[in-house]
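Here is the structure we will look at.
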Amino acid sequence: MAIEIVKEKYSSPINTVEIGSGAKCVKIGGETTLPFLFDEGDMPNAPVVALEMLDCEPVDWADSLKAAYGDAVKDPVKWAVKCVKEFGAKVLCVRLQSTHPDSGGKTAEQVIPILKSIVKEAGVPLVIVGGGDEEKDNDVLPKVSQALKGENCLFGIATQDNYKTLTATCLADGHSIIAESPIDINIAKQVNILISDMGFNPARIVMHPTTTSLGYGMEYVYSIMERGRLAAFIGDKMLAMPFVLFVGAEVWKTKEAKESAAAQGVNWELTTAIAMLQAGADLLIMRHPEAAKSAAKYIAIAMEEK
């Protein structure tokens, strides 16, 4: 007697979000199934791997991580070009670390020329995130957003307590936005609602549920992402956003990655990335080029089953 395999079919898709403009525009989201279950639905857009870089030389990155980029880390434009030309990045994430008061406190006027040069020389869509100081980010990001109007960047990070300034500027300048929540499905939905209530198109929001590195807490992140995705599939429009995860930033601050041989750090980041892909990640922000290359290869093989 043949056994009939039960297959789930869902009625509502995840939003499709475009990053960048022109021929190199990248699309994420759009799926109607849990990751890579092509017998149950569709994934019109493969998950995307982006390489993360700073707008200044990193001072707290592991030596093995910095070594992967060589002297390019001393010049953000050369760093960006190397990510694209040598490592094949289709999307770059630029963290404006130099604007943080503890990292020099650069002004928007100082970083805008760097970003414009990256746009010109690298020629790929950009994810741009602030340095992490709310007051400084609220001053810098609107000016950066205006300077890059027309580039259709993905800006972050908007939170439940600090979303109005970034939402307003992304709305005015035509960019998409990253909405962050602390691994909580209800807060994730609330942030999306708050941003949407300002007149921002929900189809331009990308959710950052926050994550952890491989190890303790991974299963909780996974379950939160899966709950959000299942709710979206049955019609919850305020959870129908693609997921972005800053895998590299989480992995390379762990002792296992920072204080071990380069190969272990690479494997730690890759394993974390693959777990997050299976949880529903649409955009992975990674740091080590070898880990990113392997994650992209994994995605390509998984998508061949389509």
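Bear in mind these aren't lab numbers, they're just calculated from the coordinates by the rules spelled out. Remember, it's a predicted structure, so these values are computed and weren't measured experimentally. Neighbour counts are summed over all protein chains in view; Cβ atoms, including those assigned to glycine, are modelled from backbone coordinates with ideal geometry.
Pairwise inverse Cα distances across the range 1-139, averaged and inverted, put the Kirkwood hydrodynamic radius at 17.4 Å.
Taking 0.36 nm per residue of sequence separation and removing the Cα-Cα distance, the LYS164/LYS85 pair yields an extension gain of 24.8 nm.
Where both partners of a DSSP beta bridge lie in the range 42-303, what percent of those bridges are antiparallel, to the nearest 5? Around 5 percent of the beta bridges assigned by DSSP in the range 42-303 are antiparallel ones. A straight Cα-to-Cα reach below 15 Å connects LYS237 with the aspartates and glutamates GLU31, ASP197, residues fewer than 8 places away in its own chain not being considered. Helices meeting the span-like rule in the chain (full DSSP H runs, Cα extent of at least 24 Å along the helix axis, mean Kyte-Doolittle score of 0.5 or higher): 262-279. GNM on the chain, alpha-carbon springs under 10 angstrom: the most fluctuating residue among SER294, SER98, SER223 is SER223. Think of each Lys and Arg Cβ as +1 and each Asp and Glu Cβ as -1; about the Cα centre, that makes the dipole of the chain roughly 680 debye. With only the Cα atoms considered, the range 141-231 has a convex hull volume of 99 Å³ per residue. In straight Cα distance, which lysines are under 22 Å from LYS136, not counting same-chain residues fewer than 8 positions off? Here the lysines satisfying the reach criterion relative to LYS136 are LYS106, LYS116, LYS149, LYS164. Using all pairs of distinct alpha-carbon atoms, the Kirkwood hydrodynamic radius of the chain works out to 19.5 angstrom.
With each label modelled as a point 7 angstrom along the Cα→C-beta vector, the VAL59-ASP133 pair spans 1.2 nm. Summing charges over all other residues whose Cβ lies under 9 Å from the Cβ of THR33, with Lys and Arg as +1 and Asp and Glu as -1, gives -4. Counting only DSSP H runs of at least 4 residues, each contributing -39500 (n - 2.57), and dividing by the residue count of the chain, the helix-based mean residue ellipticity at 222 nm comes to -12500 deg cm²/dmol. Residue exposure proxy: VAL6, VAL127, ordered by other Cβ atoms within 10 angstrom of their Cβ from fewest to most, comes out as VAL6, VAL127.
With each label modelled as a point 7 angstrom along the Cα→C-beta vector, the ALA67-GLU259 pair spans 1.8 nm. With R₀ fixed at 30 Å, the C-beta to C-beta distance from ARG227 to GLU4 puts the FRET efficiency at about 0.65. Placing a pseudo-label 7 Å from each Cα along the Cα-to-Cβ vector at GLU219 and ILE187 gives an inter-label distance of 2.2 nm.
Computing Rg and the Kirkwood Rh from the Cα coordinates of the range 186-306 gives a ratio, Rg/Rh, of 1.02.
Out of the GluC sites (Glu not before Pro) in the range 239-292, which ones are loop residues according to DSSP with at most 16 other C-beta atoms within 10 Å?
Hits after loop and neighbour filter: GLU259.
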